[in-house]
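The values are calculated or read from the model by the stated rules, or taken from the named source; none is laboratory data. Owing to the predicted nature of the structure, the values given are computational and were not obtained by experimental measurement. Cβ coordinates were reconstructed from backbone atoms using ideal geometry, including for glycine residues, and neighbour counts include every protein chain displayed. For accessibility, only protein heavy atoms count, side chains too; no ligands or nucleic acids. Shrake-Rupley method; radii C 1.70, N 1.55, O 1.52, S 1.80 Å.
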Amino acid sequence: MRFYNAMDNALMDLYSPDILTLANDGEKPDFVYDGKVMDAATRWIYQQGKFDAAMLKENPAKDMIEENYRILSNAVSSSIRQDVPPELRYALDNNTFIFSGFKTYHTLNEIGLCLLDDKGQIKPFENFAKDVQAIHEKYNLNYLYAEYNHAVHASQMAIKWHDFEAGGERYNLQYRTAGDDKVRADHAALDGTTLPMSDPFWTMYLPPNGWNCRCNVVQVRRNKYPVSDSDLAIKAGNLATDTPKMRLFRYNPGVSLKIFPDKHPYYKAPKEAEKEILKQAAQMPVIRTKGDVWNEIKRINDEKSLFEHGFHNLLVETNPNNNGSTDMGGSIWLRQERIDLCVSGMDKLKRGLKIDEKEADALATLWHEITHNRNKKGYVYITPAQRWKMELANEFVARNSLPEFYEAMGSKMQHEQFIKDRKSTGYNRMVRNYCTVIEKTGANYDGVLNDVRKHLFNESYDNQEAGLVSALLNNGAKKANGSKLKRTEIKQILKLCRAVDESNFYERGIKSFIE
């Protein structure tokens, strides 16, 4: 008990009134904390008559972690551009969740500590609730206000540092304050500090260098400003952070990939609490929105160059007759339910989990549209008679290359049945029938696939019939007597792939051609 009371004193020292007061300048936080979450946790602890670390796994505590994380992750998200690498974003997100867990532990622990009166008896609920209100205002308004501002600034600087790294040592970095009468004197002493990116000063004194710090760092041309003395700059940084509550800011969020530094007092908690928080963090989704899917596709495209004309948009398909569509110029539309399934499916794959059939099917739809964008010619007008042959070629290649998509997402193919049979697409019958043609004519499957793929990617979409026919001709498609099928015969067979149901395709379709 004495340890955690002392812990609270440390927190009070860390978040001093001059940093946290909201009312003095009339500022309001950019968030609204859901009081219902706090109220539910309060009643839950009162009913239990205690709080301990083991209770972090129960829903009222998990809801509070999620509420803290919601607010702080919104602060981080406000700084995240679409071109920020997913691994950077995931690292910042994960650190924010872990911090939210430890913050929640200390909030609930303090609530638990005020359950008893001076005589060791459980307080009447009205008295207890009044004490909890003060805890709520401290943790969920004042503390959270400073933490929110810090999350905004630290994430901005982490992303800036990533950009600086891309530029290498071509520029120096320069420390700049906000330049107004609110600048702290010890931060003003750092204003104008100009040093190479590799200088050790930046490993400790990249802003923010205090709660609600507004300082910034910019790239400057090497020959425009004189280089500062590194030792003197580090001494000035030491002076600016030379109190117990300020030393925790001696870190670089872009290097550590952490929004909140390791020395924050929240992290001093029982091992049981730490274990549960880290367990929940490991289960935290890493793909949560359409924007996350966009980022993942962009990452894959950056590595694999799948989009011949760039990847630009992932949008909601409004045509009820389509699962998805594309302009072949880098924009893809998927129905909302398919986007949602892509979100959950990609998230599971990122975390090494199994996906269900609906998620795998949605990912196959996405891959079908991506495959369209691999054509070098781009969009051309095609007639309905040309379109179905183009879609046959595209779906045939897309479903057979699905393992490539899973590999690009860092996983292995799941639900392999979709390579042979994907009933949700209107092209399923003709693709399955085309595969039957390959089988019954003895054509080399891999050779046919390779030739159709080359034609699909390199030739105009108004002539995909030629690729489908030539692939069979060039890879040993024969009649039962061993004679080669003629081009005219394969063209007729191709028409039947669309017209005849797969259940009797052989009897009503190709039997008369090959026997």
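A few points about this structure:
- With contributions of -39500 (n - 2.57) from each DSSP H run of at least four residues, the per-residue ellipticity at 222 nm computed over the chain stands at -17000 deg cm²/dmol.
- Residues 421, 186, 181, 302, sorted by accessible area with the largest first, give 181, 302, 186, 421 [1.4 Å probe; ligands and nucleic acids excluded].
- Degrees, to the nearest 10: 271-282 long Cα axis against longest axis of the chain: 30 degrees
- The chain - percent of accessible surface contributed by carbon and sulfur, probe 1.4 Å: 49 percent
- Using C-alpha pairs under 8 Å with a sequence gap of at least 6, the mean separation divided by the residue count of the chain gives a relative contact order of 11 percent.
- Rounded to 10°, Cα long-axis angle of helix 357-372 versus longest principal axis of the chain: 70 degrees
- Heavy-atom surface of segment 319-443, accessible at 1.4 Å and reported per residue (Å²): 42 Å²
- Axis of helix 59-77 versus longest Cα principal axis of the chain: the two differ by about 80°, to the nearest ten degrees.
- For segment 80-180, the set of trypsin sites (Lys or Arg not before Pro) satisfying both a DSSP loop assignment and a count of at most 13 other C-beta atoms within 10 Å is given as 81, 119.
- Of the listed residues 490, 98, the order by accessible area with a 1.4 Å probe, largest first, is 98, 490.
- A 1.4 Å probe run over the protein chains yields, for segment 446-506, 50 Å² of accessible area per residue, whole-number rounding.
- For the chain, a crude dipole built from +1 on the beta carbon of Lys and Arg and -1 on the beta carbon of Asp and Glu, taken about the Cα centre, is about 1860 debye to the nearest 20.
- Per residue accessible area of segment 147-287, 1.4 Å probe, in Å²: 47 Å²
- If R0 equals 35 Å, the separation of the Cβ atoms of residue 36 and residue 81 corresponds to a calculated FRET efficiency of about 0.60.
- Set against the labelled values (i) 23.9; (ii) 29.2; (iii) 31.3, mean projected area of the Cα convex hull in nm² computed from this structure falls on (iii).
- Sites residue 221 and residue 459 - FRET efficiency at Förster radius 35 Å, r taken between beta-carbons, to 0.05: 0.10
- Ranking 136, 162 by solvent-accessible area of protein heavy atoms (1.4 Å probe, all protein chains present), from largest to smallest, gives 162, 136.
- Using C-alpha pairs below 8 Å separated by at least 6 residues, the relative contact order for segment 38-102 is 35 percent.
- Virtual paramagnetic centre 7 Å along Cα→Cβ of residue 272, amide N under 12 Å, in segment 36-65: 51-57
- Computed from label points 7 Å out along Cα-Cβ, the spacing between residue 203 and residue 232 is 2.3 nm.
- Note on residue 113 and residue 515: their simple-model spin labels are 8.6 nm apart, each label 7 Å out from Cα toward Cβ.
- Gained length - residue 358 relative to residue 313, 0.36 nm times residue gap less alpha-carbon distance: 13.9 nm
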